[in-house]
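Below is one structure, written out as structure tokens; comments come after it.
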Amino acid sequence: MLLQDILSRKLPPVLPYNFKASDWEAYRQDMIRRFAKHEYGFLPDAPEAVRSETVLTEEKAWAGKAVHSETALSFDTPRGEFSFPVHLVVPYQQQPLPLVIYLSFTPYPAGKYGPIEEIIDQGYALAVIDYQELSKDEDDGFTSGLAAMYDRSQDEGSMWGKISMWAYGASRVMDYVQTLPEIDKRRIYCVGHSRLGKTALWCAVQDTRFAGAGSNCSGCSGVAVTRNKKGELIEDIVTRFPHWFCENYRQYAGAEDKLPFDQHQLVALMAPRPFFVCEAEDDIWCDPESEYMSLYLASEAYHLLGVDGLVGNRDYPPVGRALTAGKLGYRLRGGNHFMSRHDWLMYLQFFNEQAVKK
Ligand code: GCU
């Protein structure tokens, strides 16, 4: 039962007492700084310009249904130019088209999680970022890729970890696609799975050019409420993946109650934009119930702004029931930790429905 579970966790409230909607954006910025300081680390400012050089164009890709291009994006950093590739697939359909910026575990087009043909068949363009092109997913002392371009010698515990770096990369792709007439700038979304689901949420919270986001099986330090969650805890995550976060986060290992926030407050910072979460029944490590709770509580911020957040009841929803009536959506499927074709279709359908409602 959700309500009893919420009460037993002693969670920080989403909004301060007697809060006014007119204070929302200032509060949001304040909370973003808090999450940066204690969890993900601060991102540098956006570069003045992002340059692009298209190195490959494949007309009639994917059974002739789309054009595929590979473009090198580059921008200035304190230690010179940094460059990374992005792959864009734009279907031959009526333009401008909605776009998903997809943080991928693998280079284009490989990978079990990216059903490119299904995505373009839904009338979406797709930008694929191979996340390790931004910085290696290793505890490498921040020596690879983007990490190496910034001095960390003065780090007092809140300099960016890799999740922030990957989020920063997705925002640079966002800069680039602003220049493309084939893309509908009002309908650009960010989607990722697992560690990249954490990244998609953190990215879209900060970068309001994203019309919405989808976070797949993101679990601990993603969508799931941290206090008393099942499965992975801060201690587990900072031991195995210290490089994902800023150093300050480590002090909360085994001390979740001391965190000056919880993850439902991060989800709330998406308000009033659409945000969809897919979870899997057997994904105990993530804890689907703690993710549902997070959306349920975050809805308060949506209500403040005059829209529905999660439209669901006070019990955990059963497998297969998609809750899509509000701006926060949730769907639990059978099976385990994975980003399935069905999950993808759920995200796209949800984004479509939300765009119509606007
Ligand atoms: C590990 C980690 C999770 C993470 C996942 C992934 O299981 O503990 O926090 O989400 O890897 O990114 O695949």
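Of the trypsin sites (Lys or Arg not before Pro) found in segment 62-131, those that fall in a DSSP loop while having at most 11 other beta-carbon atoms within 10 Å are ARG79, LYS112.
Each Lys or Arg adds one and each Asp or Glu takes one away; over the other residues whose Cβ falls under 13 Å from the Cβ of ALA63, this sums to -3. Applying 0.36 nm per residue to the separation of LEU305 and ARG34 and subtracting their alpha-carbon distance, the gain on full extension is 95.4 nm. Packing-based ranking of 16-23, 241-248, 287-294 yields 287-294, 241-248, 16-23, ordered from highest to lowest mean Cβ neighbour count within 10 Å. Taking 0.36 nm per residue of sequence separation and removing the Cα-Cα distance, the SER69/LYS357 pair yields an extension gain of 100.5 nm. Set against the 2.2 N^0.38 Å expectation for a compact globular protein, segment 2-357 has a Cα radius of gyration ratio of 0.94.
Placing a label point 7 Å from the Cα of ALA322 along the Cα-to-Cβ direction, the residues of segment 104-143 with a backbone N closer than 17 Å are 115, 118-124.
Once you have the Cα-Cα distance between ASN313 and ALA255, take 0.36 nm times their residue separation minus that, and quote the gain in nm to one decimal. Roughly 17.8 nm would be gained on extension. Need the list of lysines near LYS20 for cross-linking: C-alpha distance under 28 angstrom, and skip anything on the same chain fewer than eight residues off. Excluding near neighbours in sequence, the set is LYS10, LYS37, LYS258, LYS327, LYS357, LYS358. Electrostatic tally near GLN206: other residues with Cβ closer than 11 Å to its Cβ, Lys and Arg +1, Asp and Glu -1, net +2. In this calculation the C-beta distance from GLN94 to GLU53 is compared with R0 = 30 Å, giving a FRET efficiency of 0.60. Shape of segment 87-170 from the C-alpha gyration tensor: prolate (a/c of 1.5 or more and a/b above b/c, with a ≥ b ≥ c the square roots of its eigenvalues). In the chain, helical runs assigned H by DSSP with n ≥ 4 each contribute -39500 (n - 2.57); averaged across all residues and rounded to the nearest 500, the mean residue ellipticity at 222 nm is -8500 deg cm²/dmol.
No lab work stands behind these numbers, since they all come straight from the coordinates. Values in this document were obtained by computation on a predicted structure and should not be read as measured data. Glycine gets a Cβ as well: all are built from the backbone with ideal geometry, and neighbour counts include every protein chain shown.
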